[in-house]
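Data first, discussion second: the structure below is written as structure tokens.
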Amino acid sequence: MLSHLKTALRMTLVLGVLTGCLYPGLITALAKSFFPRQSDGSMIEVKGVVVGSTLIGQNFTTPGYFHGRPSAAGNGYDPLSSGGSNLGPTNRKLADRIETDVAKFRRDNPAFAGPVPADLVTASASGLDPDISPASAYAQLDRVAQARGVAPSRVRHLVDAHTQGRRLGFLGEPRVNVLELNLALDREFPAALNPVAPR
């Protein structure tokens, strides 16, 4: 019995060192060597100041910026409270919120007459989604162009340049990273706005 206990303790110690120290250390070293930017959170800096990550959405609300998906994570886009609302499609509270968001989108974007893209009024499962569909970006074109004082065609060109296709040609859907697009707006068409930050 005692010999079994000693063997079990030795195995626990060996596996603890292997899986708790050596393996995580090796994976971290490899990640930092081959993917240094991604392993540090894919942070974006502007003039030496970190303004966000390409992996986590931000709450843009002013007319001169593209807006992302709604977030149910904490007070919005909180990585420590990642998660959805868990409200089902027949839940009255969810339906009311979507109706309110659609009405607000119509008020903010009066030039857009088509159906409101679903991802502009529904949150992702994580609540942190940094991307929107190209259709969602195009739906906001006129508002952003007017606020920036440029032709919508020039803003459309910027959206097209920042649209990423499916991964490996077949995984996921085409998408636009909202933070990267808004940073490009600040570079290409500066308006009377502070540098990009959550707003």
Neighbour-count ranking [beta-carbon atoms within 10 angstrom, fewest first] of His157, His4, His162, His67: His4, His157, His162, His67
Mean-square fluctuation maximum in Gaussian network of the chain, Cα pairs under 10 Å, restricted to Ser53, Ser82, Ser71, hits Ser82
To the nearest 20 Debye, how big is the dipole of the chain about its Cα centre, given +1 on the beta carbon of each Lys and Arg and -1 on that of each Asp and Glu? 260 debye
Val14 to Ser153: extension gain in nm, 0.36 nm per residue of separation minus the Cα-Cα distance? 43.8 nm
Quick one: check the C-alpha center-to-center distance for the stretch 96-118 versus the stretch 123-156, whole angstrom. 13 Å
Give me the compactness ratio for the stretch 1-40, meaning the Cα radius of gyration over 2.2 N^0.38 Å. 1.78
Based on other C-beta atoms within 10 Å, arrange Leu18, Leu80 from fewest to most. Leu80, Leu18
For the stretch 1-112, what's the relative contact order in percent, using C-alpha pairs closer than 8 Å and at least 6 residues apart? 9 percent
For the chain, averaging the sequence separation of alpha carbon pairs under 8 Å that lie six or more residues apart and dividing by its residue count, the contact order in percent is 22 percent
Among [x] 1.16; [y] 1.08; [z] 1.35, only one was calculated for this model; which label is it, if the read-out is Cα Rg over 2.2 N^0.38 Å? [z]
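Throughout, read-outs are computed from the coordinates displayed, never taken from laboratory work. The structure displayed is predicted, hence computed values, not measured ones. All Cβ positions, glycine included, derive from the backbone under ideal geometry; neighbour counts span all protein chains shown.
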